[in-house]
Amino acid sequence: QVQLVESGGGLVQAGGSLRLSCTASRNIFSINTMGWYRQAPGNQRELVAAMTRGGSTNYAGSVKGRFTISRDNARNTVYLQMNSLKPEDTAVYYCNAQIFADPYWGQGTQVTVSS
């Protein structure tokens, strides 16, 4: 099991940047995949970015070239650097850890991008 705590959300103008952090309650070195999802009102939760412990990454097409996921195993933390933010990026962002067949989620952090 693992507990995940997100931070770094907030209100930003279009074109601005934010960095989200997700700190885990245990060592993340052995967690194969960690990622970020988001959910806007009325929409389903969708994958934003994910990274395996080997360093492979996967991004949603809408964020490629603007968002970067990284993980710091020494700090048990996963980051999401978000640049060139758009109003359509507004959502609650959730950290995810996939441990074998079980997904674990943080409580979410709100990101609001104003036009």
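In the context of the full set of protein chains, the chain has a per residue accessible area of 52 Å² (1.4 Å probe).
Name the trypsin sites (Lys or Arg not before Pro) in the stretch 7-115 that are in a loop by DSSP and that have at most 14 other C-beta atoms within 10 Å, would you? Those that pass, being in a loop and sparsely packed, are R26, R53, K64. A straight line joining the Cα centroids of the stretch 20-54 and the stretch 68-107 runs 4 Å. Split the accessible area of the chain by element, probe 1.4 Å, and carbon with sulfur accounts for 47%. Each of A40, N58, A14 was scored by the projection of its Cα onto the charge dipole of the stretch 1-94, and the greatest displacement toward the positive side belongs to N58; charges sit on the C-beta of Lys, Arg, Asp and Glu. Extension gain, S70 to R53: 0.36 nm times the residue separation minus the Cα-Cα distance gives 5.1 nm. With the biggest extent put first, the Cα atoms of the stretch 47-115 measure 39, 25, 23 Å across the principal axes. Here's how it looks for F67: its modeled amide H is under 5 Å from those of N83, which are all 5 or more places away or on a different chain.
Extension gain, S114 to S25: 0.36 nm times the residue separation minus the Cα-Cα distance gives 28.8 nm. Working note: Cα gyration tensor of the chain, eigenvalues times five, square-rooted, sorted largest first, giving semi-axes of 23, 14, 13 Å. Legend: calculated FRET efficiency, Q1 to N43, from the Cβ-Cβ distance at R0 = 30 Å, rounded to 0.05, equals 0.60.
The values are calculated or read from the model by the stated rules, or taken from the named source; none is laboratory data. Because the structure is a prediction, the values reported are computed rather than measured. In this analysis, Cβ positions are derived from the backbone assuming ideal geometry, glycine residues included, and neighbour counts consider all displayed protein chains. Ligands, DNA and RNA are stripped out before the accessible areas are found, and what is left, the full protein with its side chains, is counted by its heavy atoms. Shrake-Rupley method; radii C 1.70, N 1.55, O 1.52, S 1.80 Å.
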